[in-house]
Amino acid sequence: MALLDVLDLPQLYTKPSAETLLDTLSLLTSAPPSWEPSDHEDQSDGERTPDRRRIARSRAPPINPEGVTRYLTNIVSSSLRWIPEEEMKEEIWIQASARLSERAGRTGMGALSRTFRIPSPNGQFELSIHEPALTGDDLGLKTWAASYMLAKRLHRFDFLRPEGNSKLSVLELGSGTGLVGLAMAALGADVVLTDLPSIYTNLARNARDNSDVIRQGKGSARCGVLDWTEPSICRLLPEGSDVNDEGCPLNTKFPVILAADSLYSPEHPRWLVHTVSEWLSPDPEAKVIVEFPLRDAYLPEVKDFRERMAGIGLQIVKEGEERGYDDWGSANQDDSDAGLVRCWWSCWGRKSA
């Protein structure tokens, strides 16, 4: 399909209508390549893109990125004096600014919510995941490729679907935005999602926002605080409580532990494996499922993790590699390879005696 040139877009000197400009700005949305074509993103202070605009965007030819930034800047700086409605002008400026932010990478964007489609044995379901603005270095406030791919893989593990009325008890370590653990809960498991205090508030919000989907899947989700530097201490906090509340200590072990994209410092393999050892059930059938990106900078951490897992008596039962995208990871969102990342997933079980 031929590329549209920016000169083919409605030019301001022609005084296009507000609807025309909004439709054009919708076509210029720089969506992460990891989303399904019909998925959408919401600005936290706005409304979802109307269905008509999403459909128009899906049918439109791709647009040559050259000149798009200047086009958007001209809209933001224009008085739009030919448009009488102040509300429409404001919406146009907001949408044009959002398109500029998308081209600056994820760190240039504000808070937003995303919809993820997760497959299940009975079809698929959707989870709404909120991501606050990235104003600091809390990487757990963003949803990463490895988490999305692991969430989509969970339904393939037969042992995660116990027969009868029993429910699987699952602990997620380093939950971040909660996508993996919430997907597991929506598949029918009783899941405890944990992370650091700075991540907890957003994690609890996502658990609350997806409570209906989880309930329909006959699972449950509870959130708590667990710092891997103190692996034996986990505080479960009731829904609606503040992260500083005392909560109640978690004192049970789990037959399944999940973790995704949680190795990004030399200390993390040791901390993570110690935490796994602390909370994994002694059941011979206990499993640990992880997925990590194979970024060059962190390959030593992945190697260290593998060696330490073997050191606590665990071995790989299944493993594989797949490719995905760290959405919004690059400022060049018009590059189809921007953010492409290779990930390694593995399922660990206890070594035979």
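Side notes on the structure shown:
- Applying the condition of being touching a residue at least 40 places away in the same chain (Cβ under 8 Å) and over 19 Å from Leu141 (Cα atoms) to segment 221-242 and asking which residue is surrounded by the most Cβ atoms within 10 Å (Cβ to Cβ) yields Cys234.
- Of residues in segment 268-277 being within 16 Å of Asp195 (Cβ to Cβ) and of a type outside the set (Val, Ile, Thr), the one surrounded by the fewest Cβ atoms within 10 Å (Cβ to Cβ): His268
- Qualifying residues in segment 243-264 (those that are modelled with pLDDT under 90 and loosely packed, with under 12 Cβ neighbours inside 10 Å) - the one farthest from Gly178 (Cα to Cα): Glu246
- In this structure, Gly339 does not satisfy being at pLDDT 80 or above, in the same structural domain as Ser262 (by TED's automatic domain parsing) and under 19 Å from the mean Cα position of the chain (by Cα).
- Those residues of segment 184-203 which are outside any strand (DSSP E or B) and buried (at least 24 other Cβ atoms within 10 Å of the Cβ), in sequence order: Met184, Ala185, Ala186, Leu187, Ala189, Ile199, Tyr200, Leu203
- Taking (1) among the aliphatic types (A, V, I, L, M); (2) closer than 28 Å to Phe159 by Cβ; (3) touching a strand residue (DSSP E or B) at 6+ places or on another chain (Cβ under 8 Å) in turn, Leu237 satisfies each apart from (2).
- Conditions (1) farther than 20 Å from Ser17 by Cβ; (2) modelled with pLDDT of 80 or more; (3) surrounded by 17 or more Cβ atoms within 10 Å (Cβ to Cβ): number failed by Ala96: (1)
- Of the residues contained in segment 170-179, none is found to be surrounded by fewer than 20 Cβ atoms within 10 Å (Cβ to Cβ), farther than 13 Å from Val213 by Cβ, in contact (Cβ under 8 Å) with a residue 40 or more places away in the chain and out of contact with any strand residue (DSSP E or B) (no Cβ under 6 Å at 6 or more places or on another chain).
The values are calculated or read from the model by the stated rules, or taken from the named source; none is laboratory data. Bear in mind that the values here come from a model prediction, so they are computed numbers and not experimental data. Every residue, glycine as well, gets a Cβ built from its backbone with ideal geometry; the counts of neighbours run over all protein chains shown.
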